[in-house]
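Data block below; observations after.
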């Protein structure tokens, strides 16, 4: 069995496989939206990160612009059939004009789906001083204007259920704001799914459980579709005992990978990513080629593993098998990012990085994005042939959509368990 044969099995039985995903807890809602990062080469292809509060909606192709509002309408209607007004709670880094592009695109999609949409954030003192009547006018990277409201100033509207639900585009890594606790207004995705409680290792355990279930029925080997990982809790990179524990766990993972690669005849030296177990934006991520690299971390690298987004202390990490990327776009190493609303595929883009190698974290300085624009209608058959040459993954796009969708269903299981524990 090879990755090629696994791809063929999945694409050939795609509808049957997808229907199997709905067997358990079919009555539960899938995450309202999400995005998955996928790495691939000739040996393995797997989701290596999954975001329940995705940015990057501005990087989706305009060919999708007519369809995405319809898919959001279907998704929101399945949650709240009578919904009319939505409040987007954005991240507080409102000075990031490219993040504002994401918010503008998200608001546009929802507005075109016939919803009234406002945007709010938790303003810090510097933003509060610039407010006029509790609002702030901000400009995106492309010059679009957006009105942001201070979330605290909307307390009366929230308690009076003026909005039908709050859509989080804020990962809550610093915890749940008091103003969001106890509201009668529904909040999606779940407050329990913020990075204050969610762990990447939990997500990948759920992914592996789904892949194992599918493997039993469809005779596919999950090795080709997943990454091996080890969790390291109570972590402090500046503590010698903690660093030695990390070294021992890195040795164990490298040894496991070397055995697996020999078994599958893979002529490739394994490498491993050290990642903060909670958090996004590519922060708290290092790539190592040997367990000895743990003992040789310099000050800059140790700093990367000390604090993450919003200066949150990193005390739980995951060691995850790396997949060297064979994907090249514009002569740059790349990875695939796919977006979903519930189980609906919204589109995707490539994350490129001119400064990184195929074994590095691409969500870092030097990255850029290229939209995936696919129009396979008969009237545009010549364009589709050109797209096949430009985007080497188009023939396998259904397979990659399957990988992303497994992560969506895995996240559903995560949220179900987190809500039982926290809410």
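Below are the figures for this structure:
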| read-out | value |
| --- | --- |
| Residue check for residue 158: surrounded by 18 or more Cβ atoms within 10 Å (Cβ to Cβ), over 16 Å from the mean Cα position of the chain (by Cα) and closer than 27 Å to residue 421 by Cα | yes |
| 2 or more residues under 21 Å from residue 422 (Cα atoms): qualifying strands (runs of 3 or more DSSP E) within the stretch 163-281 | 165-169 |
| Hey, residue 151 at pLDDT 90 or above, surrounded by 14 or more Cβ atoms within 10 Å (Cβ to Cβ) and within 15 Å of residue 58 (Cα to Cα) or not | no |
| Residue within the stretch 325-339 that is farther than 24 Å from residue 270 by Cα and either out of contact with any strand residue (DSSP E or B) (no Cβ under 7 Å at 6 or more places or on another chain) or at pLDDT 90 or above (or both) present | yes |
| Conditions (1) free of Cβ contacts under 8 Å to residues at least 60 places away in the same chain; (2) loosely packed, with under 14 Cβ neighbours inside 10 Å; (3) in a loop (DSSP other than H, G, I, E, B): number failed by residue 123 | (2) |
| Criterion: outside the structural domain of residue 175 (by TED's automatic domain parsing) and out of contact with any helix residue (DSSP H, G or I) (no Cβ under 9 Å at 6 or more places or on another chain) - qualifying residue of 316, 353 | 353 |
| Unique match (being touching a strand residue (DSSP E or B) at 6+ places or on another chain (Cβ under 7 Å) and crowded, with 17+ Cβ neighbours inside 10 Å) among 172, 191, 168, 214 | 168 |
| Cβ-Cβ under 8 Å pairs, at least 6 apart or on other chains, the stretch 150-173 side not assigned by TED's automatic domain parsing to the domain that holds residue 117, far side assigned to a helix (DSSP H, G or I) and surrounded by fewer than 18 Cβ atoms within 10 Å (Cβ to Cβ) | none |
| The stretch 1-16, residues that are in a loop (DSSP other than H, G, I, E, B) and surrounded by 14 or more Cβ atoms within 10 Å (Cβ to Cβ) | 13 |
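The values are calculated or read from the model by the stated rules, or taken from the named source; none is laboratory data. Model, not experiment: these values are computed from the prediction. Positions of Cβ are generated from backbone atoms using ideal geometry, with glycine treated the same way; all protein chains shown enter the neighbour counts.
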